[in-house]
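In what follows, a structure is listed as structure tokens, so that the remarks can point back to it.
The values are calculated or read from the model by the stated rules, or taken from the named source; none is laboratory data. Predicted, not measured: the structure shown is a model, and the values here were computed from it. Reconstructed Cβ throughout: ideal geometry from the backbone, glycine too, with neighbour counts over all protein chains shown.
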Amino acid sequence: MPDPISNLEERQCSEHPGSAPVPGALPGAPIPNPAAMPDRDTGQILAEILVGGELKIHLIGVAGSGMSGIAGLLIALGHQVSGSDKATTVEVARLQTLGLRFAQHHAAEHVAEADLVIYSSAIRPGNPEYDEALRTSRNLVRRADALAAIMNCKKGIVICGMHGKTTTSSMTAHVLRGGGLHPSHYVGAEIPILGTNAAWDAAGEFFVAEGDESDGTLAFYHPEHAIVLNIEEEHLDYYADLAAIEVVFRQLLAQTRGKVIFCADDPHATRVCSPHPGAVSFGESRSAVYRFDDVHAKEFQSHFRVVHAGQPLGAVTLNVPGRHNISNAVGVIALATELGVPFAKIAAALETFRGARRRFEIKYRSERYMLVDDYGHHPSEIRATLATAKNTGRKRVLCMFQPHRFSRTQKLKEEFGRAFPDADVAFIADVYPASEVPIPGVTGQTIVDEMIREGHEAAQYQPDRARLTLELGRMIEPGDCVISLGAGNIHEAATLLARDIARLDELQNVMGPGLARLYEPLARHTTMRVGGPAQFWVEPETEDGFARLVKFTTDHAIPLFVLGRGSNLLVRDGGIRGVVAHLARGEFKRLEVREGKLHAGVGVKQKELAYAARDARIGGFEWFEGIPGNVGGALRMNAGAMGGETFRQVVSVRYVDPQGDFHMQTPGEMDVHYRHCGLLEKNYAVSATFRGFPSTPEEIEQKLEASTQKRRTSQPRESSAGCIFKNPEQCPAGKLVDELGLKGTRVGGAKVSEVHGNFLVNDQQATAADVLALIAQVQARALAERGIRLETEVQIVGEERGLFA
Ligand SMILES: Cc1cc2nc3c(=O)[nH]c(=O)nc-3n(C[C@H](O)[C@H](O)[C@H](O)COP(=O)(O)OP(=O)(O)OC[C@H]3O[C@@H](n4cnc5c(N)ncnc54)[C@H](O)[C@@H]3O)c2cc1C
């Protein structure tokens, strides 16, 4: 086949040597200066070639959503299409079934037979296929050239503007489909309602495309019609100022043959578009040709009326939220009406329209919680999206925002500072660089500083993504709307949160009355004051609710851990995955004395047990007084002191098995020994009955006082987990540690107590890692110097790495 076109890339370079470079494109490969463009540009020439017969076309970087869309369109146009990329996607796999020849690596020979090579903006010189195409003078074009060319094969409809173009272009394609016009389309995100983000319909004459203004490529298009939603300062990494942005829009309009539908509420769009001979305005403003009024919005639905040139057209129901989307829909109504689609068909299509991915995408919604993800990254978008979130009527809006590009963060910092009035809590993440190198001093903190200047006290910078997710997650309460915003990868955090919120909601439903929350810091619930978060923290109020929860976790293979007062626990810094149940509310706090016996729920403190016995003149419970745990922990650990032991006083234990069934057992039926109750390793105690012996108030008080005195003089006051090691056969662990001269030894904020050698204390914000390192040090010395293996009495639980590691 003769070479159908000259090397277009080279042609552009030589024609426009002085124009600005395209970010991500070749150094020295400037985009055409629109003002100096000849009548027949790349897109027009290519368009003629694309419909002129079957070509072999290769796409470098085909797996990206924009490139795979083009591959699909070229296959539909009847070309032989091949593509390469480092990764593959579901969309690539689908295209392979339609004929795409795909290679999951880049190699020079892939372009050997290509008549035309298209490359994505992520491809740089040094890529073997790109270099080979240049070396062999293949026809090498950018994605935007290819898209312009494909659009030029039909009557193009370009949807452009800084904000809302993905939703509006998909809405346009959907409405024109509903009107029977069989449009082809190309939009910048996954649109479930359209099937794929690009499609070719040979039966129709229109091609709807989302026009990208970010790098000037908007000026490549020669459409039949255009919708201009708004024009504002954006992409200031590429454009010098608003005037430079307007030059590109003016160029597009100069190349638009038919209607220019523009938003009359946007002053810049009005100034640029209204002189066009085909200009038609829309919006809320009284001067708009297509106007909307009588708006009623409820959570995600809006109802409004449309008036055309003073005459009512009819009512519309829209199922995508926000006033900005009403305005966008009226732009689509204006276009479709001008193209002759009857209003009834337009309204019917709009009612069934559902939004694009990452455009106010509801990732989870229930009566308690709502989690939304949005692509918004410009201050105006953020403002509009947060206003929409606020209008959902939820109690609070909790937002996490990831700035996109250092240049935008720097140039629009003041606007960012004013963009969050509707967020009750705002976490600002690290800057997503896109292709930029960092600008010194520009971080998420830049925005937080501006927000605080604007009086937004609830703003905080959190560059660590895992911590951001945990900190935001633990603030969530029923009634909240959580929203993630940004064009980078913040949506990954939203996906994790949505997964966990959904599970939390399920747990709450299963459990019934009680508290459920995410990522509760376990350092708050252990006497050592260390430990990472519980993935799901629950505090059921009823035994039945707890039993249902146990069964649910068994059925769904979710780990379950029951925590008492955390006085015999060392929770690792990574926290505990799964459900942590704290049985210390409602029925678990019941404590009664009947017929000389104490009946206690597992949430009763051991100290309360001692004082209830005293009040009932029952002796034998005094030793419980100084143990900082609950009845549940006393049963599981068979706690003891001053010669007393829990199971010597237990009459019976009521417990739940992993299937959620209740049982009762007496001590003789259980495997009980020193600081251990085997039954409760896999079952969960809910209550117990205890017995003592008759005693006098004086005798009881005396023993209580003796217990208090002993602890006061022999135990440290700082935070600890009690005795850390079991006493070895040879001698008490505390004495051994003392003899080894280890008292006062420190790792980080953890120290061997000066008061008692078997206590490790947290005296300076220790981490679990500090405590564990100190335990290892003591064990190593005991083994090396005395041949004694010290075993821990404290239980060590949880993850070494974080929940999101
Ligand atoms: C300063 C101090 C002094 C101490 N003195 C003593 C002492 O003199 N004698 C002594 O024996 N201990 C002592 N301890 C250790 C500790 O207080 C006891 O082991 C206590 O019984 C643990 O109770 P807890 O509620 O804190 O249990 P936690 O530490 O929360 O849990 C301990 C274990 O019990 C399990 N568990 C909790 N509730 C249930 C339940 N309902 N069903 C099944 N399993 C359950 C947990 O899963 C965990 O495995 C001391 C601790 C400190 C900090």
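Tabulated results
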quantity	calculated
Matching option when the condition is outside any loop (DSSP other than H, G, I, E, B), within 30 Å of residue 342 (Cβ to Cβ) and of a type in the set (Ser, Thr, Tyr), among 285, 281	281
Residue match in the range 311-331 (condition: among the charged types (D, E, K, R) and part of a loop (DSSP other than H, G, I, E, B))	no
Residue count, the range 630-676 (criterion: more than 7 Å from the ligand (Cβ to nearest atom) and assigned to a loop (DSSP other than H, G, I, E, B))	12
Search result, residues across the range 158-179 that are more than 23 Å from the chain's Cα centre (by Cα), outside any strand (DSSP E or B), over 17 Å from residue 351 (Cβ atoms) and not hydroxyl-bearing (Ser, Thr, Tyr)	161, 162, 165
Single match in 661, 671, 738, 657 (criterion: without any contact (Cβ under 8 Å) to a residue 24 or more places away in the chain and closer than 30 Å to residue 556 by Cβ)	671
Top-ranked residue of the range 578-603 - restricted to ones that are under 18 Å from residue 658 (Cβ atoms) and either among the aromatic types (Phe, Trp, Tyr) or in contact with a Gly (Cβ under 8 Å, 6 or more places away or on another chain) (or both), ranked as nearest to the ligand (Cβ to nearest atom)	602
Residue, farthest from residue 798 (Cα to Cα), within the range 742-756, restricted to residues that are among the hydrophobic types (A, V, I, L, M, F, W, C) and part of a loop (DSSP other than H, G, I, E, B)	755
Within the range 717-731, considering residues that are more than 10 Å from the ligand (Cβ to nearest atom) and either aliphatic (A, V, I, L, M) or assigned to a loop (DSSP other than H, G, I, E, B) (or both), the one nearest to residue 522 (Cα to Cα)	726
Residue in the range 757-805 that is modelled with the lowest pLDDT, counting only those that are within 16 Å of the ligand (Cβ to nearest atom), in a loop (DSSP other than H, G, I, E, B) and more than 23 Å from residue 636 (Cα to Cα)	763
Total residues in the range 160-219, condition crowded, with 19+ Cβ neighbours inside 10 Å and at positive phi	3
Any chance residue 480 is crowded, with 18+ Cβ neighbours inside 10 Å, among the acidic types (Asp, Glu), under 17 Å from the mean Cα position of the chain (by Cα) and farther than 19 Å from residue 424 by Cβ	no
Among the residues listed as 299, 338, the single one being farther than 30 Å from residue 483 by Cβ and either crowded, with 16+ Cβ neighbours inside 10 Å or at pLDDT below 95 (or both)	338
Residue among 256, 270 that is free of Cβ contacts under 8 Å to residues at least 12 places away in the same chain, of a type in the set (S, T, N, Q) and crowded, with 20+ Cβ neighbours inside 10 Å	270
Which listed residue is more than 13 Å from the ligand (Cβ to nearest atom), of a type outside the set (D, E, K, R), in contact (Cβ under 8 Å) with a residue 40 or more places away in the chain and closer than 19 Å to residue 686 by Cβ, from 546, 536, 552	552
Tally, over the range 776-796, of residues that are surrounded by fewer than 21 Cβ atoms within 10 Å (Cβ to Cβ), within 13 Å of residue 746 (Cβ to Cβ) and either of a type in the set (A, V, I, L, M, F, W, C) or in contact with a Gly (Cβ under 9 Å, 6 or more places away or on another chain) (or both)	0
Search result, residues across the range 93-138 that are within 36 Å of the chain's Cα centre (by Cα) and among the hydroxyl-bearing types (Ser, Thr, Tyr)	97, 119, 120, 121, 130
Hey, residue 570 closer than 26 Å to residue 721 by Cβ and near the ligand (Cβ under 8 Å from one of its atoms) or not	no
Residues within the range 88-146 that are hydroxyl-bearing (Ser, Thr, Tyr) and out of contact with any Gly (no Cβ under 9 Å at 6 or more places or on another chain), tallied	5
Matching residues in the range 677-716 - criterion: being surrounded by 13 or more Cβ atoms within 10 Å (Cβ to Cβ), more than 10 Å from the ligand (Cβ to nearest atom) and assigned to a strand (DSSP E or B)	689, 690, 691
Selection status of residue 415, assigned to a helix (DSSP H, G or I), over 18 Å from the mean Cα position of the chain (by Cα) and surrounded by fewer than 19 Cβ atoms within 10 Å (Cβ to Cβ)	yes
Subset of the range 600-611 (residues that are surrounded by fewer than 19 Cβ atoms within 10 Å (Cβ to Cβ) and under 20 Å from residue 583 (Cβ atoms))	607, 608
Number of the exception - residue 137 against (1) within 30 Å of residue 270 (Cβ to Cβ); (2) outside any helix (DSSP H, G or I)	(1)
Any hit, the range 607-626, residues being closer than 26 Å to residue 517 by Cβ and either under 38 Å from the mean Cα position of the chain (by Cα) or near the ligand (Cβ under 9 Å from one of its atoms) (or both)	no
All positions within the range 392-412 that are on the phi < 0 side of the Ramachandran plot, in a loop (DSSP other than H, G, I, E, B) and among the charged types (D, E, K, R)	394, 395
